[in-house]
Amino acid sequence: MSKLRTFFFFLTGTFSLSFSKAFLSGLKLLRVLDLEKVPITKLPDEAVYLFNLRYLNLRRTPIKELPKSIGRLRNLQTLDIKDTNIEALPRGISKLINLRHLIMYRYTGVHRGFRYINETKAPSNVCKLKKLQVLACVESEGNIVRLVRNMTQLTRIGITNVKERDETDLRVSIQKMKLLSFLSLIVSDEEEFLRINALPSPPSSPSKSYLGWQTGTGSTLVLFTS
């Protein structure tokens, strides 16, 4: 078992956190850890010592937070915390220098084909992840909209809580992302006016756009997609 590289956890009965701790401590060569739907509220401490880990899936678990030491996983390339109870990322996220995919939104409902989503708050230093290709979704707060222009490898990004004052920074950031093929924007409330025509289409996509209205929350959803 010590040479195991991939581990998918399929829950068929009761789950013991103490068992998972003992089990993970002996898997130093593990590259893939899939805990989707496992009823854990925290990541076992032993997981952050899996130096060779490339893929960590916590999707649809009731986990509430990531450990501050998550940055120890320097070789991690995919972190999936979609549909969890994690509301904010720790500052240590910026140490995941090889991260390519950061998936961290929650679906909260569907109306007329459009899905309502809640984002996960991220510290501004998340923009230090220069190898990131997918960032879905991040909340626009502080100077996040301006800083994401430095993430030039992005092909997909979703930003929520967008405000009218973000328009200029959005335009510049989109133009900097030469590989971008998917952009999702959700404004903070119905009082915010975002001039869609003032925003460039993602450089690598055709001029095709979709505009929807999330009536349940009063938010506008704008999608450019190839």
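The values are calculated or read from the model by the stated rules, or taken from the named source; none is laboratory data. None of these values were measured; they are calculated from a predicted model. Don't worry about glycine lacking a Cβ; one is built from the backbone with ideal geometry, like all the others, and counts go over all protein chains shown.
Structure above, values below:
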{"item": "Where a residue in region 25-52 is in the same structural domain as residue 67 (by TED's automatic domain parsing) and modelled with pLDDT of 90 or more and its partner, wherever it lies, is part of a strand (DSSP E or B) and surrounded by 20 or more Cβ atoms within 10 Å (Cβ to Cβ), with Cβ under 6 Å and at least six apart", "result": "33/56; 34/57; 36/57"}
{"item": "Hits in region 123-154 - residues which are buried (at least 21 other Cβ atoms within 10 Å of the Cβ) and either over 21 Å from residue 66 (Cα atoms) or among the polar types (S, T, N, Q) (or both)", "result": "140, 145, 148, 151, 154"}
{"item": "Conditions (1) modelled with pLDDT under 75; (2) closer than 19 Å to residue 87 by Cα: number failed by residue 104", "result": "(1)"}
{"item": "Among the residues listed as 60, 74, 106, 100, the single one being closer than 21 Å to residue 152 by Cα, out of contact with any helix residue (DSSP H, G or I) (no Cβ under 9 Å at 6 or more places or on another chain), basic (Lys, Arg) and touching a residue at least 24 places away in the same chain (Cβ under 8 Å)", "result": "100"}
{"item": "Segments classed as strands (runs of 3 or more DSSP E), wholly inside region 114-163, with at least 3 members that are over 14 Å from the mean Cα position of the chain (by Cα)", "result": "114-118"}
{"item": "Selection count where residues are at pLDDT 95 or above and either in contact with a Phe, Trp or Tyr (Cβ under 7 Å, 6 or more places away or on another chain) or aliphatic (A, V, I, L, M) (or both), scope region 53-65", "result": "3"}
{"item": "Some residue of region 25-36 being in contact with an Asp or Glu (Cβ under 7 Å, 6 or more places away or on another chain), surrounded by fewer than 17 Cβ atoms within 10 Å (Cβ to Cβ) and not in a strand (DSSP E or B)", "result": "yes"}
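The rows are residues; the columns are (1) assigned by TED's automatic domain parsing to the domain that holds residue 68; (2) closer than 27 Å to residue 63 by Cβ; (3) touching a Ser or Thr at 6+ places or on another chain (Cβ under 8 Å); (4) without any contact (Cβ under 8 Å) to a residue 40 or more places away in the chain.
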{"site": "142", "(1), (2), (3), (4)": "no, yes, yes, yes"}
{"site": "149", "(1), (2), (3), (4)": "no, no, yes, yes"}
{"site": "164", "(1), (2), (3), (4)": "no, no, no, yes"}
{"site": "170", "(1), (2), (3), (4)": "no, no, no, yes"}
